[in-house]
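Okay, so here's the structure we're looking at.
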Amino acid sequence: MTTASVLSKEKIVSLSELQKNPGKMLDAPIVRIVKNGKEIGIFMNKEEFEDFVEEHLPLKGTFRDELETAIKQSKKGEGAPLKSLI
């Protein structure tokens, strides 16, 4: 899936909408979550996340190493806070 096609399917939802009906609100490849008009988070479905990782694995240095470690931990069911890597 190309970046343009993913962004065309992107959805913006408020935190209160998400809390009321998460299943319906998280039905897009990428969902931007806003609170009081400010973006507070992004939900990315598994396929989009894997595509993102594949595109960014060629990155050099610590970021790539930390990202690979976080992915391995995630696959093992261990929590790895990815937001701390960005």
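Structural remarks
- The residue that is nearest to the chain's Cα centre (by Cα), counting only those in the range 5-55 that are of a type in the set (Val, Ile, Thr) and outside any helix (DSSP H, G or I), is 42.
- Pairs where the first residue, in the range 65-85, is surrounded by 13 or more Cβ atoms within 10 Å (Cβ to Cβ) and the second is modelled with pLDDT of 60 or more and small (Gly, Ala, Ser), C-beta under 6 Å, 6+ apart: 80/70; 80/74; 82/70
The values are calculated or read from the model by the stated rules, or taken from the named source; none is laboratory data. This is a predicted model, so every value here is computed, not measured. Here Cβ is always computed from backbone atoms with ideal geometry, including for glycine, and neighbour counts include all displayed protein chains.
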